[in-house]
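J.: Here you go, one structure.
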């Protein structure tokens, strides 16, 4: 599990997923929880991670639309995010705060993305 994949440069993220495809043991798991704080540069970074994993952008878009419509989605507050990760460089959050996007792979096959629950 990588608590910081969203802080890595694009070329390193590509290498991480290439390495997982190459070296992950049979029946091995790859689990990533990525903070998503809104649109703009943060969405672009999340999209890059998702695409590097081999998941389609449409799946990401559908999951993010679903969490916006779901009143039971849990959002981490801006204060809590800043306390654990430091303030965002752009200072931009969605109106709700921060949601977690979970990516899970077993044997190199990704499960559908899960967000905020």
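J.: Identify, please: which residue in the stretch 57-84 is outside any helix (DSSP H, G or I) and surrounded by 11 or more Cβ atoms within 10 Å (Cβ to Cβ) and is, among those, modelled with the highest pLDDT?
T.: Looking at residues that are outside any helix (DSSP H, G or I) and surrounded by 11 or more Cβ atoms within 10 Å (Cβ to Cβ), I get 70.
J.: So, in the stretch 90-117, exactly how many residues are under 15 Å from the mean Cα position of the chain (by Cα) and at pLDDT 65 or above?
T.: Selection size over the stretch 90-117: 15.
J.: All but one of (1) modelled with pLDDT under 85; (2) in a helix (DSSP H, G or I) hold for residue 87; state the number of the condition that does not hold.
T.: Of the numbered conditions (1) modelled with pLDDT under 85; (2) in a helix (DSSP H, G or I), the odd one out for residue 87 is (2).
J.: To continue, here is another question. If you scan the stretch 23-33, which residues turn out to be out of contact with any strand residue (DSSP E or B) (no Cβ under 7 Å at 6 or more places or on another chain) and in a strand (DSSP E or B)?
T.: Once the filter is applied, which keeps residues that are out of contact with any strand residue (DSSP E or B) (no Cβ under 7 Å at 6 or more places or on another chain) and in a strand (DSSP E or B), the stretch 23-33 yields nothing.
J.: Filter the stretch 34-52 down to the residues that are assigned to a loop (DSSP other than H, G, I, E, B) and touching a strand residue (DSSP E or B) at 6+ places or on another chain (Cβ under 9 Å), then identify the one that is farthest from residue 5 (Cα to Cα).
T.: 38
J.: Just one of (1) surrounded by 13 or more Cβ atoms within 10 Å (Cβ to Cβ); (2) closer than 18 Å to residue 100 by Cβ; (3) touching a residue at least 40 places away in the same chain (Cβ under 8 Å) trips up residue 29, so point out which.
T.: Only one criterion is unmet by residue 29, namely (1).
J.: Another one. Within the stretch 31-49, is even one residue at pLDDT below 90 and over 14 Å from the mean Cα position of the chain (by Cα)?
T.: yes
J.: Give me the pairs, please: first residue somewhere in the stretch 95-117 and closer than 19 Å to residue 48 by Cβ, second residue anywhere and outside any strand (DSSP E or B) and at pLDDT below 70, beta-carbon distance under 7 Å, and either six or more positions apart or on two chains.
T.: Hits for this filter: 98/81; 99/116; 100/116.
The values are calculated or read from the model by the stated rules, or taken from the named source; none is laboratory data. Remember, predicted model here, so these are calculated numbers, not experimental data. Glycine gets a Cβ as well: all are built from the backbone with ideal geometry, and neighbour counts include every protein chain shown.
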